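The values are calculated or read from the model by the stated rules, or taken from the named source; none is laboratory data. All figures in this text were calculated on a predicted structure; none of them were measured in a lab. Every residue, glycine as well, gets a Cβ built from its backbone with ideal geometry; the counts of neighbours run over all protein chains shown. Each accessible area value is taken on the protein alone, full model and side chains, heavy atoms only, with ligands, DNA and RNA left out. Shrake-Rupley method; radii C 1.70, N 1.55, O 1.52, S 1.80 Å.
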Amino acid sequence: MSASADDAAAAPEEWAATDQSAIVTAPIAPADDSGADAPSESIAPSGSAPAPAPAPAPAPAPVPETPSVHKATTLEADAAVEPNPSVTVAAGSIRVYVDGAELVVGTERFVLADLASITINASGGSAILIAASALGLPFPLTVNGTATDSLAIESTGDVSWDVTGAGGGTVRGIGFHGIGALLGSAASNDTFVIRSGGSIGTVDGGAGGFDTIELHPDGGQVHSVPSGSDSGTLSFEGSTITYAGLEPITIATPADQVVVETTTVDDVLEVSQNEISGEIIIVSVNGSMESITLVIPNSLLEILAGAPGVTIRIITNLILRGVTLRIVGAHIIVDGVTIDVGDAKLTLAAGAAGDTDATLAITDADIIAGDLELTATATATASGSATALVDASAAVTVRDTNIAAAGDVIIRSVVNADVTAAATPTSGGTVDTDVAVAGAKVQTAASTIIEGATQITSGGQLTIAASNNTTVRVNADASAADAGGAIATALIAASALVRFATAAAVSAETLLVDSQTTVNITASATASAAGATATDADAATNGNAATPGGAISVAGAIAFVDLTQSAVTTFVPTGLITSPGGVTVTAASRGGSSVVADGSTVGAGAAGVGIAIAVNKIDVTTSAVVGATRLATPTLSVKAETAPVLAAGFNEHRT
């Protein structure tokens, strides 16, 4: 077809200018070499008569306007219809659908019968929606995009998204490449399959349906961190997938390492294993995250609490021979099951960051490992206030359990507490008030108990221990205030307890049973310049502000420490203990306390008194006991030690 100048002038606007939402690119057909549209001379052979002049060509019939249907790309020459157009779409919502005999891409229309394929190119910020009518086309439909472009389809039933490249793959016969986000339909059950070598920025299953994600790693690490009941991130072969609107997560092929976290405070996780398939299943009882099902990884499985107060229960046997297993949570419960990692390392560590209460309870279990660590660690910190109340405890209990380890076995509880309370006014106060009052009440306890018919076999050293490390600083400084008393009090109870009382046989190369407390307490009070007239020394020290001449009723500065510290080890097994390298039973109380009261800041002729009272009340128990037992060992060492490390100075006392 050819068009006259008048035809071109009457061409619709869509033909005269590029549409802003889509550009269709197609090659222009070459001009007809026959010369049908231009006059030419005809040269007759020599000696023949001249050829008659051709008849005038009839005028072309009027062409009806079809501005939105792309059948030609030029108005100046005949053009073949491009069967493989490429459409560039702009930012915004782009809908792709079939309307009668036409395929619509945004505002562009194409006759379906003319198409052998079509490619949609997004250059950023496009949300491309493939309608149900455009699924199952008889020719390829491809969508190319960027990290800021998304692809969604309208569908019902089951939909599988197969991601095999960087933002690339297929869904319902549609190819996509370089896309940043895949969006499922609310009416469909979407499965996002991410294969080795594939990556995608975001997947969203939509508001309805039963939507899942399947990872198919080829080694490497998979790390799952939920952010909500159906959302979170998955690190996969070096890239991160952000997901939302999903139900179960499946790791369908073995990764080298799998790390599963929970980020919800006080969450409860249950860990089990399918005894037929061997798959591990991790479920939040509280529904804080989607369940995760994974094939056994090649080398490492970690289940971690990323928030305080998390309970993790092992509810079936876990057979993971050759795989290092590490479980961390505030409370870990193993009851009536077998955990077998073969010669790999097993770590059950109660207590994550922020856990002031940590418990590991193992009852009626069988545990098989190379090296084995069974621990509970409580951590407490407090500062920034004049008053500190802290209670921290860590407990490990092993009862009626069989433990077989080729290497070392460590069963230990640990408390780490660091507490500061301070009151340092810079002005104000009257002599009949206490202007600077700081106090700390701290209770910390670590306990490790082995009891019942617990049998332990260790190819290396067996350590049963409890350790308590408590540091408390209290400072009441009224030296910058105008008047009033200063009171600093520290009430501390810190203990470490080990009780080894199994009735079954225990065998290890060497055996150490040990409890330790290390407590460092400082309390200081400094009087104001005007002193005090009403600071009750007897009440501030719980009746301990007394001299041979009687109780002191008023003081300008009072510092008081009441410390109860203990380290107790009790070794009373009734089964045979075999240890070729020797048995050591120890207890130690270390650290000390320093109490300082300073009234020297009260000036001559002050309205209040400048009496300073420092009271250090300490009760320390250190005990290592070996009861009637049967030992097969060349040496038995028993030691209880009170070992202060604070040097005593003026107005100080050390334990």
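General remarks:
- Members of the stretch 387-424 that are open to solvent by 40 Å² or more (accessible area, probe 1.4 Å), under 15 Å from residue 507 (Cβ atoms) and part of a strand (DSSP E or B): 402, 404
- Of residues in the stretch 340-358 being farther than 24 Å from residue 320 by Cα and assigned to a strand (DSSP E or B), the one least open to solvent (accessible area, probe 1.4 Å): 358
- Residue match in the stretch 465-477 (condition: open to solvent by 40 Å² or more (accessible area, probe 1.4 Å), among the small types (Gly, Ala, Ser) and either in contact (Cβ under 8 Å) with a residue 40 or more places away in the chain or closer than 28 Å to residue 383 by Cα (or both)): no
- When 184, 169, 145 are checked against the criterion of being touching an Asp or Glu at 6+ places or on another chain (Cβ under 6 Å), crowded, with 22+ Cβ neighbours inside 10 Å and free of Cβ contacts under 8 Å to residues at least 40 places away in the same chain, 169 stands alone in meeting it.
- When 106, 92 are checked against the criterion of being at pLDDT 70 or above, surrounded by fewer than 17 Cβ atoms within 10 Å (Cβ to Cβ) and at positive phi, a single residue qualifies: 92.
- Comparison of 511, 497 shows that the only residue that is among the hydrophobic types (A, V, I, L, M, F, W, C), open to solvent by 40 Å² or more (accessible area, probe 1.4 Å) and within 23 Å of residue 577 (Cα to Cα) is 497.
- Some residue of the stretch 616-629 being within 30 Å of residue 433 (Cβ to Cβ) and touching a strand residue (DSSP E or B) at 6+ places or on another chain (Cβ under 9 Å): yes
- Condition broken by residue 254, with the remaining ones in (1) assigned to a loop (DSSP other than H, G, I, E, B); (2) surrounded by 21 or more Cβ atoms within 10 Å (Cβ to Cβ) satisfied: (2)
- Any hit, the stretch 227-240, residues being open to solvent by 10 Å² or more (accessible area, probe 1.4 Å), in contact with a Pro (Cβ under 8 Å, 6 or more places away or on another chain) and in a loop (DSSP other than H, G, I, E, B): yes
- Residues that are surrounded by fewer than 22 Cβ atoms within 10 Å (Cβ to Cβ) and within 45 Å of the chain's Cα centre (by Cα) within the stretch 591-616 comprise just one, 596.
- Residue in the stretch 515-533 that is crowded, with 24+ Cβ neighbours inside 10 Å and in contact with a Phe, Trp or Tyr (Cβ under 6 Å, 6 or more places away or on another chain) present: no
- Enumeration of residues in the stretch 518-533 that are assigned to a loop (DSSP other than H, G, I, E, B) and either over 52 Å from the mean Cα position of the chain (by Cα) or closer than 15 Å to residue 420 by Cβ (or both): 529, 530, 531, 533
- Residue 276, sole failed condition from (1) open to solvent by 20 Å² or more (accessible area, probe 1.4 Å); (2) in contact (Cβ under 8 Å) with a residue 12 or more places away in the chain: (2)
- Scanning the stretch 630-655 for residues that are at pLDDT below 90, open to solvent by less than 60 Å² (accessible area, probe 1.4 Å), part of a loop (DSSP other than H, G, I, E, B) and touching a Gly at 6+ places or on another chain (Cβ under 9 Å) gives 646, 655.
- The lone criterion from (1) over 30 Å from the mean Cα position of the chain (by Cα); (2) more than 27 Å from residue 519 (Cα to Cα) left unmet by residue 363 is number (1).
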